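Just below is one structure, and these are the notes that go with it.
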Amino acid sequence: MTTMKARAISTVNVINHVWQKKEIDVSNMSKPSFTAYQSILLIDDDDELSDMLKSYLETMGYEVTLAPDGEAGLKLATGIGNFDLILLDVMMPKMDGFDVLKKLRQTHLTPVLMLTAKGDDYDRILGLELGADDYLPKPFNHRELVARIKAIFRRLDLGSQVKQQQDLVINGIELSVNKQEASVKGVPLTLTGTEFSILRLLMVNAGELVSKEDISQQVLGRKLMAFDRSIDMHVSNLRKKISACCNDEKIKTIRGSGYLLRQQS
């Protein structure tokens, strides 16, 4: 049995166990508190796991569409489905998750939660570099999956609620909360939702240190775990996109602490 197959079975067993033990009491579970975001596309070639996750997430009030491989998933993701979130497995036939994400990001900024092999830092880092919003290692607990989904939707919901806030202009960077757009010296930036939220947080606190813990809590909606490099990768991607428009360094790293947006270069 391959390692990947073993992890997939392990994830199924974890979820199946809590169903059988009646640890999942849907009557006492908090349903999504939002109305705008609930459509999910799950791209995974493990039929048993996909069916189980679909049933579970639907009891939570989400609408779930399944795709059995990367090729079919990309077609749905870039079609007329208009999904609010994509749960994307890495190892799949026809087209793996990385290729799906790479092609998706050419035209769509739909939030993506990668489902990666436990302990495989390469998968996680590459996924974040390609524009994933977050990752969850297999095997995972059903409650953590829902917590990650809710965190992403809370960020989207927050973005729609702050439309009355003034636009920000700091050190050549312009950010429009209303339009969810950003630019550097007039050159538009193509940012994922996570990157946009990080930039906004840094701009609101321009000239001050913003810790990685605060970024993780306020943007990803979860505590920063030991050896978690997701914030570093998101900021690195943000830096690259800003650097493509100007030569000066806008975001300063405070080693071991966090990041600071320079008020002047």
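The values are calculated or read from the model by the stated rules, or taken from the named source; none is laboratory data. These numbers were taken from a predicted model, which means no experiment stands behind them. For neighbour counting, all protein chains shown are included, and Cβ atoms are generated from backbone atoms with ideal geometry for every residue, glycine included.
Criterion first (surrounded by 19 or more Cβ atoms within 10 Å (Cβ to Cβ), part of a loop (DSSP other than H, G, I, E, B) and either of a type in the set (Lys, Arg) or assigned by TED's automatic domain parsing to the domain that holds ILE215 (or both)) does LEU202 satisfy it? Criteria not met by LEU202. Checking each residue in region 211-248 for being part of a loop (DSSP other than H, G, I, E, B) and out of contact with any helix residue (DSSP H, G or I) (no Cβ under 8 Å at 6 or more places or on another chain) picks out MET225, ALA226, PHE227, ALA244, CYS245, CYS246, ASN247, ASP248.
Just so you know, in region 114-142 the residues that are assigned to a loop (DSSP other than H, G, I, E, B) and without any contact (Cβ under 8 Å) to a residue 40 or more places away in the chain include one that is surrounded by the fewest Cβ atoms within 10 Å (Cβ to Cβ), and it is GLY119.
Within region 64-82, is even one residue within 13 Å of the chain's Cα centre (by Cα), surrounded by fewer than 19 Cβ atoms within 10 Å (Cβ to Cβ) and not in a helix (DSSP H, G or I)? For region 64-82, residues within 13 Å of the chain's Cα centre (by Cα), surrounded by fewer than 19 Cβ atoms within 10 Å (Cβ to Cβ) and not in a helix (DSSP H, G or I): absent. Filtering region 184-192 for residues that are assigned to a strand (DSSP E or B) and in contact (Cβ under 8 Å) with a residue 60 or more places away in the chain leaves a non-empty set. Restricting attention to region 227-265 and to residues that are closer than 16 Å to SER197 by Cβ and free of Cβ contacts under 8 Å to residues at least 40 places away in the same chain, the residue that is farthest from the chain's Cα centre (by Cα) turns out to be ARG239. How about region 205-217: which of its residues are crowded, with 16+ Cβ neighbours inside 10 Å and without any contact (Cβ under 8 Å) to a residue 40 or more places away in the chain? Across region 205-217, the qualifying residue is only SER216. Just to be sure before I move on: is TYR56 in the same structural domain as SER39 (by TED's automatic domain parsing), surrounded by 17 or more Cβ atoms within 10 Å (Cβ to Cβ), touching a residue at least 60 places away in the same chain (Cβ under 8 Å) and more than 22 Å from THR194 (Cβ to Cβ) in the structure I sent? Taking the combined requirement at face value, the residue satisfies it. Among the candidates THR192, THR253, the residue that is surrounded by fewer than 19 Cβ atoms within 10 Å (Cβ to Cβ), at negative phi and β-branched (Val, Ile, Thr) is uniquely THR253.
For LEU260, the conditions (1) surrounded by fewer than 19 Cβ atoms within 10 Å (Cβ to Cβ); (2) modelled with pLDDT under 95 are fulfilled apart from (2).
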